[in-house]
Amino acid sequence: MKEYVKKYGMRVGAAVIAVVLIVVLATALMDGRAGFLANISGAISSPVGRAASSAVEWIEGIYGYIYKYDQLVAENNSLRAQLAEAQQASINASQFEEENVRLRELLDFKQQHTDYVLEPAKITEWSSSNFESTFRLSKGSANAEIAVGDCAITEYGALVGQVIEVGDNWCTVRTLIDSAIDVGALVGEAGAVGMCVGDFALMRDNMLRLTYLSENAQLVEGEAVLTSGRGSIPQGLIIGYINSVLSEGNGQTLYGVVEPACDLGSLSQVFIITDFTTQE
């Protein structure tokens, strides 16, 4: 290093002094205009400034987008919540209206049948088996004095089914289309006696069979089928209407296919007849 300084020190020093003198002289000659170093600095700083400004604008744009996005998300969530509340209010209003209709119809029915003791009950569960048609109610022996054999009806007095099992605060009802149901029936103006029974093949079509008819009974499509008063089911409840008349046993025996008067698929509440006065 010492040898390098001794050998080239004077030359390096002279070169540095020469460069400084040239810069000073050039600046003086330009009368205040931007000098060489200033031009270099400006040439460098100008693109950097533009890039920095663009970066700031981009960041501001991203922040604005994120802010607006958050606002839109919050507004969307608020609208969803309001819509859900409105839908629930509409459902509640519809349910209340339907229940009011049922209760008004039931009141009319009770006024015509003062001999019935009725207990309203909500359907809590339908059977999941394809081999039966039953549902469970929220009333039982302890909280409503319901017993096995009691029948369930709609607010219009249409037969729905019969209680087959009872707990303290629940019971199970077998519907009219269940393959194990059997209900005494009256049909026609003459009041021919028969039996409405469940049929597995008809159950899939929401129908049941009218059979075991009294001799010379005549069946007509569209005719009403009523309960006969057999067992613990009062007489005169509407079971359904004859949908078709068919024959079996080489055409020797007629039977009817009955469509229930109640729409099982729309049921949410039924009324249990816990007691009634037997008609003489």
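Of note:
- Residue list for segment 160-182, restricted to those being of a type in the set (A, V, I, L, M) and in contact (Cβ under 8 Å) with a residue 60 or more places away in the chain: Val160, Val163, Val173, Leu176, Ile177
- Residues in segment 205-230 that are among the basic types (Lys, Arg) and at pLDDT 90 or above: Arg209 alone.
Here's the yes/no breakdown for (1) buried (at least 16 other Cβ atoms within 10 Å of the Cβ); (2) of a type in the set (Val, Ile, Thr); (3) out of contact with any Gly (no Cβ under 6 Å at 6 or more places or on another chain):
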position	(1), (2), (3)
Ala224	no, no, yes
Gly229	yes, no, yes
Ser247	no, no, yes
Val258	yes, yes, no
Ser268	no, no, yes
Thr274	yes, yes, yes
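- Odd one out for Leu213 among (1) out of contact with any Ser or Thr (no Cβ under 8 Å at 6 or more places or on another chain); (2) within 13 Å of Ile239 (Cα to Cα): (2)
- Positions within segment 172-196 being of a type in the set (Asp, Glu) and over 35 Å from the mean Cα position of the chain (by Cα), in sequence order: Glu189
- Of all residues in segment 199-221 being in contact (Cβ under 8 Å) with a residue 24 or more places away in the chain, within 21 Å of Phe131 (Cβ to Cβ) and assigned to a loop (DSSP other than H, G, I, E, B), the one that is farthest from the chain's Cα centre (by Cα): Met207
- Segment 227-277, residues that are touching an Asp or Glu at 6+ places or on another chain (Cβ under 9 Å) and among the polar types (S, T, N, Q): Ser232, Asn243, Ser244, Ser268, Gln269, Thr274, Thr277
- Note on segment 107-196: enclosed strands (runs of 3 or more DSSP E) holding 1 or more residues that are of a type in the set (Lys, Arg) are 116-126, 134-137, 171-175.
- Residue check for Tyr241: free of Cβ contacts under 8 Å to residues at least 60 places away in the same chain, farther than 20 Å from Gly265 by Cβ and surrounded by fewer than 22 Cβ atoms within 10 Å (Cβ to Cβ): no
- Pairs linking a residue in segment 135-159 that is free of Cβ contacts under 8 Å to residues at least 24 places away in the same chain to a residue that is surrounded by 21 or more Cβ atoms within 10 Å (Cβ to Cβ) and in a loop (DSSP other than H, G, I, E, B), with Cβ atoms under 8 Å and 6 or more positions apart or on different chains, do not occur.
- Considering the conditions (1) of a type in the set (A, V, I, L, M); (2) modelled with pLDDT under 90; (3) crowded, with 17+ Cβ neighbours inside 10 Å; (4) out of contact with any Gly (no Cβ under 7 Å at 6 or more places or on another chain), Val197 is excluded by exactly one of them, (2).
The values are calculated or read from the model by the stated rules, or taken from the named source; none is laboratory data. Source: prediction; values computed, not measured. Ideal geometry is used to build each Cβ from the backbone, glycine not excepted, and the neighbour counts take in all protein chains shown.
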